[in-house]
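First comes the structure, then the notes that go with it.
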């Protein structure tokens, strides 16, 4: 049975959804500068390869990966960032969710690999579940899938970007994204500790990086990617069979 939505025919889809308890995975990344040593598609590539591995493991159809996200914070200082506004992302993912619902999806797992997509995606969740009473929506941010995944993502800075974690993951799973000859000059520290405001990257980084990509290697990336696949698979397996604590309608008022 095909696991990639794009490779599934319309008459195969009902069976695929039945097997997965009407579940689907929607990966969402971004296209943005990732310092001098990484390609601009890191977030998109990670979303795609992570969700492909998980979809195969849990046998849940995977919708095509969304390659653009809300990357306004990366400014115009460095070329390469292709961004949409928060409201555009909200509406885009809402309409994708609506269409998935019409195709039979009742459990939508949104997997996000770009930190600042999180707020628009939360708005999308609110809109989808208020319109579709029998649709459950979960959002999983790749850097915080579990305590062990969070630990290696945040090891070199709370405001990490293009850091050891992302570089190691790319060395392991998409080495053509990495300019190995630039790893030694790419490090840039996290300057956000103790700040009151959330500042754009042009005011927190000299080169678009926050962290220590010079510490990266493929062996760490392989181990970390396995953790991400295993931990996301466990979350989705649990969600495939979760039921709401109460079966009360969103629309029906309390009886007088």
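The values are calculated or read from the model by the stated rules, or taken from the named source; none is laboratory data. Being a predicted model, the structure only gives us computed values, none of them experimental. Ideal geometry is used to build each Cβ from the backbone, glycine not excepted, and the neighbour counts take in all protein chains shown.
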Only one of 233, 249, 216 that is in contact with a helix residue (DSSP H, G or I) (Cβ under 9 Å, 6 or more places away or on another chain) and over 12 Å from residue 168 (Cβ atoms): 233
Given (1) at pLDDT 95 or above; (2) buried (at least 17 other Cβ atoms within 10 Å of the Cβ); (3) not in a helix (DSSP H, G or I), number of the condition residue 157 does not satisfy: (1)
Some residue of the range 48-71 being assigned to a strand (DSSP E or B) and within 15 Å of residue 118 (Cβ to Cβ): yes
Positions within the range 208-256 being surrounded by 15 or more Cβ atoms within 10 Å (Cβ to Cβ) and in a loop (DSSP other than H, G, I, E, B), in sequence order: 208, 209, 212, 216, 240
Filter result (in a loop (DSSP other than H, G, I, E, B) and out of contact with any strand residue (DSSP E or B) (no Cβ under 6 Å at 6 or more places or on another chain)) within the range 33-47: 33, 35, 36, 37, 39
Options 100, 30; residue that is in contact with a helix residue (DSSP H, G or I) (Cβ under 9 Å, 6 or more places away or on another chain) and farther than 30 Å from residue 157 by Cβ: 100
Single unsatisfied condition, residue 79 versus (1) free of Cβ contacts under 8 Å to residues at least 60 places away in the same chain; (2) out of contact with any strand residue (DSSP E or B) (no Cβ under 9 Å at 6 or more places or on another chain); (3) part of a helix (DSSP H, G or I): (3)
Residue 61 vs. criteria touching a helix residue (DSSP H, G or I) at 6+ places or on another chain (Cβ under 9 Å), closer than 25 Å to residue 234 by Cβ and either at pLDDT 95 or above or crowded, with 22+ Cβ neighbours inside 10 Å (or both): yes
Output for the range 182-207, where each listed residue is assigned to a helix (DSSP H, G or I) and surrounded by fewer than 16 Cβ atoms within 10 Å (Cβ to Cβ): 182, 184, 185, 202, 203
Criterion (crowded, with 19+ Cβ neighbours inside 10 Å, out of contact with any strand residue (DSSP E or B) (no Cβ under 7 Å at 6 or more places or on another chain), under 19 Å from residue 69 (Cα atoms) and at pLDDT 95 or above) met by exactly one of 124, 88: 124
